[in-house]
Amino acid sequence: MLKNIADLRTIAGDWIEAWNAHDLDRIMGHYADTIEFEANTVVVRWHKPDGKLHGLTELREHFRLGLSLAPHIHFTLEQVFSAPSGYAVLYRRDNGNQVLDVVELNAENKAQKVKAFYLNEQK
């Protein structure tokens with residue numbers, strides 16, 4: 001498990017760069033097979049009241065749809081916060097919305113649990 005803030009910033013920075021490159025395979029490389037992902041966008045797009053997706057297949061489809069809905073998507077990294085089990089990344093979307101992703105890492109430093117918090121409504 002990484003505890004070094006510099007290493008966590010590197011992981012978060014690579015994740016941001018993957019999104020900005022619209023590289024779905026590179027984005028997905030940051031997630032564990034058993035990922036649990038929770039976000040308001042899941043409620044809106046997939047009509048799941050708990051906002052949760054489970055596993056890489058569901059998450060990949062969610063991100064694929066997100067990239068198609070926002071073809072000019074761009075993230076700007078604002079802050080990375082550390083915790084013993086992972087990190088939180090604060091970033092700003094191209095539409096001005098701020099997002100805080102709280103990421104729990106597994107032993108391979110892949111995201112096993114993520115909760116996305118949006119400052120404003122995000123579809």
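From GLU38, GLU58, GLU78, which residue is modelled with pLDDT of 95 or more, closer than 19 Å to ILE5 by Cα and among the acidic types (Asp, Glu)? Result: GLU78 is the single residue among GLU38, GLU58, GLU78 that is modelled with pLDDT of 95 or more, closer than 19 Å to ILE5 by Cα and among the acidic types (Asp, Glu).
Scoring GLY13 on the criteria (1) in contact (Cβ under 8 Å) with a residue 60 or more places away in the chain; (2) of a type outside the set (Lys, Arg); (3) assigned to a helix (DSSP H, G or I); (4) surrounded by 14 or more Cβ atoms within 10 Å (Cβ to Cβ) leaves a single failure, condition (4).
Selection within region 18-47: residues that are out of contact with any Lys or Arg (no Cβ under 8 Å at 6 or more places or on another chain) and assigned to a helix (DSSP H, G or I). The member of this set that is nearest to GLN122 (Cα to Cα) is ASN40. Among the residues here, LEU8 qualifies as surrounded by 15 or more Cβ atoms within 10 Å (Cβ to Cβ), in contact with a strand residue (DSSP E or B) (Cβ under 6 Å, 6 or more places away or on another chain), assigned to a helix (DSSP H, G or I) and of a type outside the set (D, E, K, R). Scanning region 89-103 for residues that are buried (at least 19 other Cβ atoms within 10 Å of the Cβ) and touching a Ser or Thr at 6+ places or on another chain (Cβ under 8 Å) turns up just one, TYR91. Annotation: THR57 fulfils all but one of (1) out of contact with any Asp or Glu (no Cβ under 9 Å at 6 or more places or on another chain); (2) within 19 Å of ALA12 (Cβ to Cβ); (3) of a type in the set (Ser, Thr, Tyr); the unmet one is (2).
Summed over region 31-73, residues that are closer than 22 Å to ASN95 by Cβ and either surrounded by 14 or more Cβ atoms within 10 Å (Cβ to Cβ) or of a type in the set (Asp, Glu) (or both) total 19.
Could you check how many residues of region 73-96 are part of a strand (DSSP E or B) and touching a residue at least 12 places away in the same chain (Cβ under 8 Å)?
14
Residue under question is ARG26, and the condition is that it be farther than 23 Å from LEU119 by Cβ, among the basic types (Lys, Arg), crowded, with 16+ Cβ neighbours inside 10 Å and out of contact with any strand residue (DSSP E or B) (no Cβ under 8 Å at 6 or more places or on another chain); does it hold? No. Within region 97-106, the presence of a residue that is in contact (Cβ under 8 Å) with a residue 60 or more places away in the chain, at negative phi and among the charged types (D, E, K, R) is excluded.
The values are calculated or read from the model by the stated rules, or taken from the named source; none is laboratory data. Predicted, not measured: the structure shown is a model, and the values here were computed from it. Ideal geometry is used to build each Cβ from the backbone, glycine not excepted, and the neighbour counts take in all protein chains shown.
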